[in-house]
Amino acid sequence: MTLRLRWRKLVSGIMLTCTGACAFVAVSLLFFILGYLVYHGGRALNWDFFTKLPTPVGETGGGMANAILGSAKLLLLASLVGVPIGFFGGVYLAEFGGRTTGFVVRYTTDLLNGVPSIVIGIFAYGIVVLPFKHFSALAGGFALGLMMIPITLRSTEEFLRSVPRSMREAALALGASRWRTIATVVVPAAYRGILTAVLLAVARVAGETAPLLFTAFNNRFWSSGWSQPTASLPVMIYTYAIAPYEDWHRQAWVAGAVLLSLVLLANILARTALARGISAPRA
Amino acid sequence: MKKINGLLLYLCLALGVCTRAQDPMLVNGAGATFPLPVYSKWFDEYHKAHPGVQINYQSVGSGAGIRQLQSGTVDFGASDMPMTDEQLGQAKVPVQHFPTVLGAVVPTYNIPGVSAELNFTPDALAGIYLGTITKWNDPAIAGANSGVNLPSSDIVVAHRSDGSGTTFIWTDYLSKVNADWKSKVGRGASVNWPVGLGGKGNEGVSGLVKETPNAVGYVELIYAIQNNMPYGRVRNAAGSFMKADLNGVTAAAAAAAKNMPDDFRVSITNPEGKTAYPISSFTWLLIPTKISDPVKRDTLKGFLKWMMTDGQKFTEPLSYAKLPKEVVEKEMKAIAKIQ
Amino acid sequence: MAASSHVVRAPGPIAGPRAFLRRLRSGDEIAHLITLCFAASVVLVTSLLVYELWVDSALARHKFGWHFFFTSVWDPIAEQFGALPFIYGTLVTSALGLLIAVPLGLGAAIFLSELAPPRISDGLTFFIDLLAAVPSVIYGLIGVFILVPILRNFGEPSLKATLGFLPLFQGPMYGVGFLAAGIVLAVMVLPFIISVSREVLLSVPREQREAALALGATRWEATWKVVVPFARTGIFGSIFLALARALGETMAVTMVIGNNPQVSASLFAPGYSIAAVVANEFTEATGDLHLQALIELGLVLFLITFLLNGLARLLILTTSRRGSAVEVA
């Protein structure tokens with residue numbers, strides 16, 4: 001073995017170990033973030049957090065019950081906006097789309113996907129908050145829904161496309177019209193994948209704060225109905241984290257742990273469901 | 001099947017959430033962080049006394065409060081900075097200012113190893129915020145603090161990153177006492193800061209100062225107290241170094257109280273008066289005088305009356321001074337203007 | 001397109017609407033129309049967004065013109081608005097973030113695609129994908145309470161001691177500033193780079209690697225000199241994607257950047273980014289010009305991310321396999 005060869009092998013070994021170290025760093029970052037949040041947040045976790053409202057400024061105690069409900073409402077609204085548009089849009093692209101219309105729709109969807117969340121907030125403020133004259137859960141839900149559209153649309157299209165042509169052709173051969181085929185054969189075959197994609201989309205917008213800052217605003221009380229400002233977990237975390245009160249910091253950690261757990265749980269569920277494969281076509 | 005079940009679940013959740021709609025009347029307000037501790041206490045107490053009413057107040061800064069009131073996206077605003085004629089003109093409905101409490105803005109600091117109360121001359125404060133005084137042991141500061149061992153570390157300046165009435169009070173004061181500041185920066189809710197880090201709200205600035213060694217910031221008195229942060233004395237127009245407290249603030253308002261204009265817009269920084277604290281201010285609720293919804297109107301009027309009578313007893317425990325009697329009388333008459 | 005039967009046309013030249021409505025008798029055409037409406041609504045909403053941004057910033061655009069991009073002053077009282085500090089801050093923090101994340105991410109991707117046994121590779125990638133799902137405000141939380149004190153007490157002083165001769169590492173050390181924001185952004189975009197690069201590397205044909213090995217290359221040489229260059233357009237695509245994400249990041253940045261609009265050579269100095277200033281000042285912009293200047297900043301950000309996203313998608317499509325089931329970003 002010449003010296004040069006030995007050197008090259010050494011370099012090879014070192015560089016490959018470095019890459020291993022990089023991967024290790026990346027993974028340990030996740031575990032560190034998760035672990036720290038769970039530790040810090042879990043320590044202070046108590047029932048009050050889930051059941052009580054915030055107390056006046058400077059007083060300790062209280063919880064974020066209204067923020068949890070507020071986040072749930074916002075996500076519900078977001079799904080009502082994002083899922084139908086994304087789903088039917090995806091159906092259009094996969095089943096009916098032509099070359100130009102398909103291209104235009106795909107392009108604008110990607111465009112929408114790339115819009116920074118703060119700009120979506122500006123847009124929602126302009127077209128929902130100003131005309132209706134107040135901040136509302138509707139505006140917040142609308143902004144989040146806009147962010148969900150690209151994810152659901154592209155995923156629906158992909159899963160529908162992955163259904164084998166033979167299934168479609170079999171249905172058509174048996175005399176079903178196109179829409180019947182889509183509704184009763186193609187979509188059910190892909191629905192598990194679509195549902196998991198929706199779950200991923202919801203998890204993604206659940207943590208968004210910026211668009212909510214000037215749409216849903218914030219609320220110290222329960223927000224009734226849909227047209228009132230509402231508290232939400234991410235906004236509360238932000239508000240509490242930058243303040244000086246120790247008690248608020250503690251609550252911010254708890255809220256962070258809760259939010260992160262829910263988001264990660266949804267992601268894990270979705271990805272394991274996907275990994276197991278899209279449900280096989282029924283015989 | 002699963003999809004239908006999921007849909008049903010969604011609907012139930014929606015309905016369950018919607019049935020809460022029988023709820024209390026919700027009034028939305030936004031504005032200053034300066035009086036947030038006392039406002040949040042008031043709205044909480046008022047809700048306890050009148051369960052049918054919820055007043056949701058968000059502390060987003062005086063600038064945001066004024067802006068949102070102008071656009072009509074909130075029912076009332078709050079500000080430590082009186083609205084200018086221009087701003088009043090831009091509002092969709094005429095607005096009346098209602099003073100609520102008197103408060104003080106204090107220079108709070110976090111200097112490792114220094115727990116004593118520092119004395120600040122007006123020029124020292126202006127110099128720090130102009131960036132001309134950069135170290136804690138600068139003669140301009142040390143001169144007023146013989147006996148205190150000030151370190152030679154760099155001063156970390158903290159100010160507001162949002163449009164703030166507290167900033168207005170601070171810059172109003174600095175403009176009155178330092179010509180350099182007046183020409184270079186001026187007074188306003190949002191100024192072109194020569195130096196410093198920005199924090200959001202009084203909470204943000206207190207947070208910054210608390211976490212950063214060698215920092216100095218200007219915050220409303222209660223924020224320094226609630227967070228056990230030291231704050232300094234400021235030299236007033238009569239030449240004495242005053243620590244911010246209820247007496248000092250009340251003394252500062254004494255002259256203005258007697259000559260309160262009808263629209264209640266005054267500035268009481270750097271007043272005459274031997275015991276006055278120089279950086280004091282009223283803070284105002286900005287109430288539209290034409291409210292179309294009769295329930296909201298009565299709610300707001302009811303709250304204002306409560307605030308000026310029962311509400312005033314919650315102010316002193318939180319280190320805000322009560323309104324002078326003459327001002328309260330004048331305000332009661334002004335409530336009638338709200339239609 | 002429409003595989004359904006052609007509806008029988010009525011004789012004679014009947015004008016558009018009636019013939020159209022008649023064609024709708026078939027369920028397929030209705031389905032087509034409905035789905036088309038939904039798809040069109042996406043186009044409509046996006047166009048509306050761009051339109052709103054353009055129109056609502058008209059005042060500012062006319063007043064400042066191109067000077068907007070080169071002025072440093074942000075003075076709401078004097079109504080002078082210049083975008084330079086924000087553009088600078090956005091670019092510097094994103095560049096710093098990429099500088100840290102790209103070597104780290106590429107290294108990890110190489111490890112996961114070349115060296116790790118498939119099951120471990122899949123498992124680790126699963127966890128790294130989870131890192132991409134962590135909300136921005138959580139990164140902000142960790143940034144404020146963990147990263148900033150560490151930087152202020154250990155990180156920045158040691159950098160100053162070793163590399164203090166560079167203008168990059170001079171000046172007072174607050175903890176918050178460009179450096180903190182850059183590090184937080186690096187952690188946030190790391191999973192995207194790893195994920196996409198790994199997919200791209202896995203899609204390089206085996207023959208390439210085998211040919212290199214057959215010619216006597218070491219494993220590292222085969223990887224670095226053959227496989228990676230083959231996949232480089234895809235990797236660049238992933239970098240652009242990460243950059244686009246970093247540019248629009250709001251919450252984590254505003255919590256650790258110091259919120260001071262200034263252009264400074266030092267990484268220790270506090271700064272501001274476009275997204276952060278909009279988040280802080282939007283609800284309270286005093287006066288229409290201020291608000292429109294902020295919206296113009298939003299427009300600028302939108303345009304930058306739009307260009308980058310377009311480039312990214314183009315580049316990734318050229319190298320990676322199509323039809324991956326899990327959508328990345």
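The values are calculated or read from the model by the stated rules, or taken from the named source; none is laboratory data. Being a predicted model, the structure only gives us computed values, none of them experimental. Here the Cβ is made from the backbone with ideal geometry for all residues, glycine too, and neighbour counts use every protein chain on show. The protein model used for the area step is the full one, side chains on, heavy atoms only, and it has no ligands, DNA or RNA in it. Shrake-Rupley method; radii C 1.70, N 1.55, O 1.52, S 1.80 Å.
On inspection, residue A:139 does not qualify as among the small types (Gly, Ala, Ser), surrounded by fewer than 24 Cβ atoms within 10 Å (Cβ to Cβ) and out of contact with any Leu (no Cβ under 7 Å at 6 or more places or on another chain).
As for the range A:206-226, it holds at least one residue that is modelled with pLDDT of 85 or more, surrounded by fewer than 24 Cβ atoms within 10 Å (Cβ to Cβ) and in a helix (DSSP H, G or I). Residue C:152 falls short on exactly one of the conditions (1) under 30 Å from residue A:265 (Cα atoms); (2) without any contact (Cβ under 8 Å) to a residue 60 or more places away in the chain, and that condition is (1). For the range C:178-218, filtering for residues that are crowded, with 24+ Cβ neighbours inside 10 Å and of a type in the set (Lys, Arg) leaves 1.
Please state which of the following conditions residue B:207 fails to meet, knowing it meets all the rest: (1) in contact with a strand residue (DSSP E or B) (Cβ under 7 Å, 6 or more places away or on another chain); (2) touching a residue at least 24 places away in the same chain (Cβ under 8 Å); (3) not basic (Lys, Arg). Answer for residue B:207: the failing condition is (2). Looking at C:96, C:91 in this structure, which one is surrounded by fewer than 19 Cβ atoms within 10 Å (Cβ to Cβ), modelled with pLDDT of 90 or more and among the aliphatic types (A, V, I, L, M)? Criteria check complete, one pass: C:91.
In summary, residue C:125 fulfils each of the numbered conditions (1) within 10 Å of chain A (Cβ to nearest Cβ); (2) within 30 Å of residue B:156 (Cα to Cα) with the single exception of condition (2).
Restrict the check to the range B:108-125 and report whether at least one residue is in contact with a Ser or Thr (Cβ under 6 Å, 6 or more places away or on another chain), part of a loop (DSSP other than H, G, I, E, B) and either open to solvent by 10 Å² or more (accessible area, probe 1.4 Å) or aliphatic (A, V, I, L, M) (or both). No, that holds for no residue.
Checked against the criterion of being over 24 Å from residue A:265 (Cα atoms), more than 9 Å from chain C (Cβ to nearest Cβ) and either open to solvent by 30 Å² or more (accessible area, probe 1.4 Å) or of a type in the set (Gly, Ala, Ser) (or both), the range A:190-205 contains not a single residue that satisfies it. In the set (1) surrounded by fewer than 23 Cβ atoms within 10 Å (Cβ to Cβ); (2) within 14 Å of chain C (Cβ to nearest Cβ); (3) among the hydrophobic types (A, V, I, L, M, F, W, C); (4) under 20 Å from residue B:280 (Cβ atoms), residue B:246 fails one condition alone, (2). Among residues of the range A:52-111 being open to solvent by less than 10 Å² (accessible area, probe 1.4 Å) and not in a helix (DSSP H, G or I), the one that is nearest to residue A:215 (Cα to Cα) is A:64. Taken over the range C:219-240, the criterion of being within 12 Å of chain A (Cβ to nearest Cβ), under 21 Å from residue C:99 (Cα atoms) and open to solvent by less than 30 Å² (accessible area, probe 1.4 Å) is satisfied by C:228 alone. So which of C:174, C:139 is among the hydroxyl-bearing types (Ser, Thr, Tyr) and modelled with pLDDT of 90 or more? When all the criteria are applied, what remains is C:139. With respect to the stated conditions, residue A:197 is over 20 Å from residue C:188 (Cα atoms) and outside any loop (DSSP other than H, G, I, E, B). Only one of the numbered conditions (1) in contact with a helix residue (DSSP H, G or I) (Cβ under 6 Å, 6 or more places away or on another chain); (2) without any contact (Cβ under 8 Å) to a residue 12 or more places away in the chain; (3) more than 10 Å from every other protein chain (Cβ to nearest Cβ) is not met by residue A:131, and that is (1). As a summary of the residue check, residue C:50 satisfies the conditions (1) crowded, with 17+ Cβ neighbours inside 10 Å; (2) more than 30 Å from residue A:98 (Cβ to Cβ); (3) not small (Gly, Ala, Ser) except for the one numbered (2). Scanning the range B:211-230 for residues that are buried (at least 24 other Cβ atoms within 10 Å of the Cβ) and either part of a strand (DSSP E or B) or in contact with a strand residue (DSSP E or B) (Cβ under 7 Å, 6 or more places away or on another chain) (or both) turns up B:216, B:217, B:218, B:219, B:220, B:221, B:224.
Return yes or no: is residue C:81 aromatic (Phe, Trp, Tyr) and under 26 Å from residue A:130 (Cβ atoms)? Yes: the conditions hold for residue C:81.
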